[in-house]
Amino acid sequence: MVRMSAEERRESVIRAAMSEFARGGYYGTSTEVIAKRVGVSQPYLFRLFPGKKAIFLAAAERCLDDTRRTFEAASEGLRGEEALHSMADAYTRVIAEEPERLLMQMQLYVAVAAAEQAGDHELGEAVRAGWMRLWDTVHLPLGADMGETTTFLAHGMLINCLVAMGFPPQHRVWEGLYPSAQVKGRLEH
C-alpha cells in the first residue's frame, strides 16, 4: 500500500470536510466525523490543520475557487452575452451534478452570518475575499458592467435558493431565468 503524503492527506481532508460541512454545517459537523471519513485520527487531523475553523476555511475557499474555475473555463475566449450564457449553463450543470457544492455554498453563508453575529470576523473576511475573486472572474467577461455582473450573480443566488428548497425543474419559478440558467431536465428528484 502506498502512503499518502501530508499534502495528499490534507487534500483528502478538504474533500471530506466539504462533504460533511455541506450536510451538517459548521456547527453541526465534528472534526471526529471528518477524521473518520478520511481514515485518520483526530490528532493527525490537527497536525494538518490547527483546528476546525481552519478546516472549514479551507473547504470554503475550495468551494468558492471551484465555482470561480467553473466560470473561468466557461467564459474562456467569450465576452458579453455569449459568456453570460456559457457561465450560466456551466453553473447550473455543476449544481445539478455536484449538489454538495451547492450545499457547501449555502452552509458557508450561514456560518459567516453566525460568526459575524458572535463577533468573529475572520470567517467572514475570508469568505468575502473568495466571493470578490468570484465577482472579478465574472465581471470582465460580462463587459465589466456592474449591472450585468450584479444581475448574473443575483440569478445565481436565486438558482441556489430554488434548488436548495427543492423546486422541481418543471416548476414555473424557473421560467423567468435565462434559458441557459434553467435547470429543466438537469435535476433528478
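Do any residues in segment 11-30 that are of a type in the set (G, A, S) have Cβ atoms under 6 Å from those of residues that are surrounded by fewer than 18 Cβ atoms within 10 Å (Cβ to Cβ) and part of a helix (DSSP H, G or I), where the two are at least six apart or on different chains, and which pairs are they?
Close Cβ pairs satisfying both conditions: A16/R37; S19/E100; A22/E100.
Are there any pairs with C-beta distances below 7 angstrom linking a residue in segment 129-149 that is over 13 Å from A74 (Cα atoms) and open to solvent by less than 10 Å² (accessible area, probe 1.4 Å) to a residue that is at pLDDT 95 or above and of a type in the set (G, A, S), with the two at least 6 apart or on different chains, and if so which?
Correct list of pairs: G130/A60.
Out of segment 150-174, which residues are of a type in the set (V, I, T) and closer than 16 Å to T70 by Cβ?
If we filter segment 150-174 for residues that are of a type in the set (V, I, T), which is where we start, we get 150-151, 159, 163, 173.
The answer is I159, V163.
With respect to the numbered conditions (1) among the hydrophobic types (A, V, I, L, M, F, W, C); (2) open to solvent by less than 30 Å² (accessible area, probe 1.4 Å); (3) within 29 Å of S30 (Cβ to Cβ), which one is the sole condition not fulfilled by A113?
If we test A113 against (1) among the hydrophobic types (A, V, I, L, M, F, W, C); (2) open to solvent by less than 30 Å² (accessible area, probe 1.4 Å); (3) within 29 Å of S30 (Cβ to Cβ), just (2) comes out false.
Being open to solvent by 50 Å² or more (accessible area, probe 1.4 Å), out of contact with any strand residue (DSSP E or B) (no Cβ under 9 Å at 6 or more places or on another chain) and aromatic (F, W, Y) narrows it down to one of F167, F152, so name that one. Before the answer, list the steps.
Numbers: F152 fails: open to solvent by 50 Å² or more (accessible area, probe 1.4 Å).
When all the criteria are applied, what remains is F167.
Report the residue count in segment 108-122 for those that are free of Cβ contacts under 8 Å to residues at least 60 places away in the same chain and charged (D, E, K, R).
Final tally of qualifying residues: 2.
Determine if segment 124-142 includes at least one residue that is among the small types (G, A, S), assigned to a loop (DSSP other than H, G, I, E, B) and out of contact with any helix residue (DSSP H, G or I) (no Cβ under 8 Å at 6 or more places or on another chain). First the steps, then the outcome.
Taking segment 124-142 as the starting set, the residues that turn out to be among the small types (G, A, S) are 124, 126, 129-130.
This time we only want the ones that are assigned to a loop (DSSP other than H, G, I, E, B), so: none.
No - not one qualifying residue is present in segment 124-142.
Please state which of the following conditions S180 fails to meet, knowing it meets all the rest: (1) open to solvent by less than 40 Å² (accessible area, probe 1.4 Å); (2) at pLDDT 85 or above; (3) part of a helix (DSSP H, G or I).
(2)
The values are calculated or read from the model by the stated rules, or taken from the named source; none is laboratory data. Just so we're clear, the structure is a prediction, and the values are computed from it rather than from any experiment. Cβ coordinates were reconstructed from backbone atoms using ideal geometry, including for glycine residues, and neighbour counts include every protein chain displayed. These area figures cover heavy atoms from the full protein model, side chains too; ligands, DNA and RNA do not enter into them. Shrake-Rupley method; radii C 1.70, N 1.55, O 1.52, S 1.80 Å.
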